[in-house]
1. With an 8 Å Cα cut-off and a minimum separation of 6 or more residues, compute the relative contact order for segment 31-131 in percent.
2. Could you please state how large a percent of the accessible area of the chain is carbon and sulfur, counting protein chains only and using a 1.4 Å probe?
3. Label segment 16-59 by shape, choosing from rounded, prolate and oblate, from the square roots a ≥ b ≥ c of the eigenvalues of the Cα gyration tensor; if a/c is under 1.5 it is rounded, and otherwise prolate applies when a/b is larger than b/c, oblate when it is not.
4. What does the convex hull of the Cα atoms come to per residue for the chain, in Å³?
5. Can you give the relative contact order of the chain as a percent, counting alpha carbon pairs under 8 Å and 6+ residues apart?
6. Can you give the net charge of the other residues whose Cβ lies under 15 Å from the Cβ of Phe205, counting K and R as +1 and D and E as -1?
7. So what are segment 23-115's ellipsoid semi-axes, whole angstrom, largest first, if each one is the square root of 5 times an eigenvalue of the alpha-carbon gyration tensor?
8. Quick one: Cα convex hull volume of segment 84-181, Å³ per residue?
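The values are calculated or read from the model by the stated rules, or taken from the named source; none is laboratory data. Bear in mind that the values here come from a model prediction, so they are computed numbers and not experimental data. All Cβ positions, even for glycine, are placed from backbone atoms using ideal geometry, and neighbour counts span all protein chains on display. Quick note on the areas: whole protein, heavy atoms, side chains included, nothing else; ligands and nucleic acids left out. Shrake-Rupley method; radii C 1.70, N 1.55, O 1.52, S 1.80 Å.
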Amino acid sequence: MKLRGLYAITDSQLLAGKFLPYVEAALEGGVTLLQYRDKSQDEARRLREAEALAELCARYKTRLIINDDAELAARLGVGVHLGQTDGPLTPARTLLGREAIIGSTCHAQLELAEQAAREGASYVAFGRFYNSVTKPGVPAADLTLLEQARARLKLPICVIGGITLDNAAPLVAHGADLLAVIHGLFGADSTQEVTRRARAFNALFASA
């Protein structure tokens, strides 16, 4: 599966009041995967927002991923990203089918990534690589881990955690296929800046 480029992740607090315009601006700049991430218990709003994103992603031919909720992903016919506390990956694969994109959080542990690969993950995610607002207490990963993963895994490798345009290039150079970005993309002060940042993140892969 060809997964390479910007992996945009929504943040409900960061995007309050500008959710769809900012997401569409990112899609305009080019997004390989878009993850809907919302930790609230407001199921009605989550369904409404996820349906709106599914429509946007269909328009821009971008693959949508739901964070931590295989049931919602199945309802929309999209992929899912599972953390280490979300249970084994195999039931999600059974629920969503062979073609669905399923990602797995592997923190800074190569062994978790190898296990996810055996269970049928579509990609594995390592992080955090830099200081992160979203994942402040997670143990740090480093470029050596990326090199080891590149040598031992045949799956696309996603990196996450404090990634910005200023620090992303070494990650791509050391084997990252997907740059998972939240604040570094959506923390912009205008939709035009979101689009510019998205294009700039993708340009890093063109020169790698």
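1. 19
2. 49
3. Prolate is the answer for segment 16-59, as a/c is 1.5 or above and a/b outweighs b/c.
4. 111
5. Relative contact order comes out at 23 percent.
6. My count for the surroundings of Phe205 gives +4.
7. Over the Cα atoms of segment 23-115, the ellipsoid semi-axes are 22, 16, 13 Å.
8. Dividing the Cα hull volume of segment 84-181 by its residues yields 97 Å³.
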